[in-house]
Ligand SMILES: Cc1cc2nc3c(=O)[nH]c(=O)nc-3n(C[C@H](O)[C@H](O)[C@H](O)COP(=O)(O)OP(=O)(O)OC[C@H]3O[C@@H](n4cnc5c(N)ncnc54)[C@H](O)[C@@H]3O)c2cc1C
Ligand code: SF4
Ligand code: SF4
């Protein structure tokens, strides 16, 4: 529930198979009704586990392990 | 918006990690009608899917002496509050579960030295895992033998009738439909509570709400985090190379007999010696080679270059509450809880396999697999004798209203904001790791307020947020349990450090904490550990407890 990463989906490669939607443990991804392609709908809840990327059969998901938050999530110390 | 679907079965398993899959498979093997439900996707979610380090095994060809050596090592490192009966069961049965998982196609792989078995932390033996881990193979096995799998359904409450658990209720993340499960026996296998992943402590919360006793939740497992600007694959490399330095460049001493860092980083930070760095500059060519091989065993997943040198800044950690330390109290070795019809397995079952310190990571999966298999058998036996469950329709209407209320509320507090607040109260090292009675009480004051005032007023704009609301509700309950157990244990032991009580207190605290709902309040008490499992109290304190706490 901590947004750690930003990821995006290459819509030229994505076939809309829905694997990533099922697999994302944070329930972050949806298939867009119009384009029939996957979208990162709730990116603020992505915790960067990379499972979507690992399991996408088309290699359509890219991740930048850069935080898209202004500050890293609250952790034990800094 | 929602229609109600009723699902009848003999055994309902909630949670499809390794524990839930084993439970479902075992019950199904006995010819029963088994349903396995998961809020995410069975076999591909949560702790089981992320466990890609190793699986603990004890080879049955080794003699009893070797078993005793392992048992002694767990007792010493777990500081004598493990349950040796469970430790022995997990060790003895780990081999069969490993073989079974391998036959299902789990992703076991060779270690860096080419052997199938590694001895990173003697006397324990582990098998390395590849990137796929054990989860996907578990799902396939469950499907093959006819377990009915229902994905993406969040269970919010257990159903009870006459003091017995008779199933559960929840909602679909896709359609919003309400699902009512009527079962003769129910297995909880919903994993742990952590602040970094979306394991939200649903098992402890469901068990607690159903009146079960929870044990030993004061102990934590810490996992320091690196700069989130770097590729996460370095986490794999870090497992085989653990050199840290403090702000002045002095090496950080942590327990070399453990693969898992104890609280030593937190103690240094408390002394004012942050920032702490992962010191890649001191890596020898052999270290680099080992890191590369470790990362390669992750399907060649090499986002991070271990040869890059430099010092990588560490941030304080994600912590989690693991089964091998606490969870729902079990009344027998078939994983029955005190509530008839309710079984618990995996990270939400309070086996206390490792006691106060998690010595080597393979224990997590092994004890989840072992308890899962046992719970499946226990639940199947119970179901074979149980009558068809009778559901109280009025209770159902109330529960349904509770599930969907946040969607109808339209005002109040946003779930993400609530989570952020809980995180900022709980994640500072001086709350979860370097504890003090005053600070624990302060945190508890806030958490109680959040529980009473904010949680009932969270609202959700869609089904995704409805999931967040229910998860956060459970997190708050878990946090309260953690704080109360931590306050109750007025000593330090393992990963439970109290600055105001920095020594172990024998024999007073050779005991397990227990907690239960008592008319809306949490009632705590102590369960003394049988004397036969005590350490020899005539030996010197320093000998009994080789690890030192600051200020003791
Ligand atoms: C990052 C990480 C790495 C680890 N590495 C290792 C390792 O290398 N070796 C090792 O031995 N151990 C490791 N562990 C520990 C180990 O993974 C766990 O002890 C073990 O997987 C627990 O299995 P489980 O089946 O109890 O729980 P989980 O695998 O967490 O499964 C719980 C399931 O329940 C579902 N669920 C939860 N709540 C609900 C609900 N309300 N309704 C429906 N479904 C629900 C979840 O979606 C999930 O699928 C690791 C843990 C983590 C977090
Ligand atoms: S798994 Fe890949 S191809 Fe399938 S929907 Fe997701 S991004 Fe598209
Ligand atoms: S990285 Fe993990 S949490 Fe983020 S979208 Fe992918 S699967 Fe979901």
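Structure summary
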read-out	value
Counted residues, the range A:17-26 - those being buried (at least 16 other Cβ atoms within 10 Å of the Cβ), farther than 13 Å from residue B:464 by Cβ and without any contact (Cβ under 8 Å) to a residue 24 or more places away in the chain	1
Any hit, the range B:119-128, residues being surrounded by 24 or more Cβ atoms within 10 Å (Cβ to Cβ), at positive phi and within 14 Å of ligand 1 (Cβ to nearest atom)	no
Filter result for the condition that a residue is at pLDDT below 95 and under 18 Å from residue B:213 (Cβ atoms), over B:494, B:520	B:520
Matching option when the condition is at pLDDT 85 or above, surrounded by 21 or more Cβ atoms within 10 Å (Cβ to Cβ), within 10 Å of ligand 3 (Cβ to nearest atom) and away from every other protein chain (no Cβ under 11 Å), among A:61, A:29, A:40	A:61
Residue in the range B:466-487 that is within 14 Å of chain A (Cβ to nearest Cβ), in contact (Cβ under 8 Å) with a residue 60 or more places away in the chain and out of contact with any helix residue (DSSP H, G or I) (no Cβ under 8 Å at 6 or more places or on another chain) present	yes
Candidates B:460, B:405, B:443 - the one that is at pLDDT 95 or above, in a helix (DSSP H, G or I) and within 14 Å of chain A (Cβ to nearest Cβ)	B:443
Filter result for residue B:484 (surrounded by fewer than 17 Cβ atoms within 10 Å (Cβ to Cβ) and under 24 Å from residue B:419 (Cα atoms))	no
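The values are calculated or read from the model by the stated rules, or taken from the named source; none is laboratory data. Quick caveat: nothing in here was measured; it's all calculated off a predicted structure. Glycine also receives a Cβ, built like all others from the backbone with ideal geometry; neighbour counts cover every protein chain displayed.
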